[in-house]
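Notes follow the structure.
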Amino acid sequence: MTPRMQQISQLDRVIHEPARLAIMLILGGAGDADFLYLQREGGFTQGNLSGHLAKLEEAGYVEIEKKFKGKVPLTVCSLTGKGRTAFAEYSNRMLGLLQSNGACGSPRP
Amino acid sequence: MKNSAIPIASPGRRAASYWFVDGLPDILLGMTLLIFGGVGLWWGIHLSKSATQPDFFLIAAGVLLLYWKERGILDFLKSRLTYPRSGYVRPPEDLSEIGLPNTLTALSLKPWPPSDENVTHFRTRTVLVVFWWCLLLCRDSRWNRWFTLLATPALAVALYAWNRNSEHPYRWWSTLILALTGPTLLLTEAPLPVQPLLMPLLAGVWLVAQGACTLVGYLRANPYPRTQEGVSA
């Protein structure tokens, strides 16, 4: 196995799935966000988002907290420290792969 | 989700612009200017005109109160109006408060890790700009008429240009209306007590009108959900 293939195989599969990557990106940029915001921002269905959040929570990347704002119940999600580290590692690995392939410059015709 | 006029790709900037999606920050700032400007006007008309001008101090008190309580008031209103309809996201930090950007790494094809972008420039680029323009006009009533002529278009240009690439851009035609109201009002003879407060009252009306339009658009685009969301995770 070439080193590049080895790097690809080491990518975090929990994050690599597009829907979960979108959730990590949104939470990475926003901080905390509730279920409804994530659903609308990412274009998820309720069940789909619920399933992906469960996987991220299981991996310890996302913390889900039930709280209230005024009298409104909110299911607030946020990245954990482990999740931030994993996301940073994933980003660096992916960037390294793309840069080594010359994919970070101008788009090819 | 209906958002600001300029599409923002970055999740952090989208989260920051979400704070303005319902127009409530504009309405609150506009109402502050109108209330405190109105009290100043009432003071000028009904109470004795002392050597010290109460107008400026009242506007300053209003802006300080806004700085102090803005987040709490908006959070209270948003928790009843916005969050049940389109969800909650952490309110943006003020850039001046967080200082240097932290090193949160997100997926980006840039050679450096992007900073946390969920920050707002609203206080420095809108609240303070309006405040300093009002301060200019409240200081010396002899110049009010001509200052209004020049300052209203200048305020409109400043608000448009400085916020153009921010999380809360103003539409060009909206700022054009503000720019034209100053010279238009100059053609009408405003009573003397009104003149020092023309700018804060104008800015207040403009902000409330702008926020109200945004709020109506938001309420139409985001009806109240029939069932409460829930996560099974």
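The values are calculated or read from the model by the stated rules, or taken from the named source; none is laboratory data. Since the model is a prediction, treat every value here as computed from it, not as a measurement. Cβ sites come from the backbone with ideal geometry, for glycine too, and all protein chains shown count toward neighbours. The area values use the complete protein model at the heavy-atom level, side chains included, leaving out ligands, DNA and RNA. Shrake-Rupley method; radii C 1.70, N 1.55, O 1.52, S 1.80 Å.
Per-structure values
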read-out	value
For chain A: relative contact order, % (alpha-carbon pairs under 8 angstrom, 6 or more apart)	29
Under 24 Å between alpha carbons - lysine pairs in the range A:10-99 that sit 8 or more apart or on different chains	5
By accessible area with a 1.4 Å probe, ligands and nucleic acids excluded, highest first: order of B:177, A:26	B:177, A:26
Full-extension gain in nm, residue A:7 to residue A:58, via 0.36 nm per residue minus C-alpha separation	16.0 nm
222 nm mean residue ellipticity, helices alone, for chain A (DSSP H n ≥ 4; -39,500 (n - 2.57); rounded to 500)	-18000 deg cm²/dmol
Exposure ranking of B:224, B:67, B:88 by accessible area [1.4 Å probe, largest first]	B:224, B:67, B:88
Partner chain coverage, peptide A:75-85 - average Cβ within 10 angstrom	2
Kirkwood hydrodynamic radius of the range A:10-99, from inverse mean 1/r over distinct Cα pairs, in Å	13.4
Acute angle (nearest 10 degrees) that the helix A:18-30 long axis makes with the longest principal axis of chain A, alpha-carbon atoms	70
Area accessible to solvent at residue B:57, 1.4 Å probe radius, in Å²	120
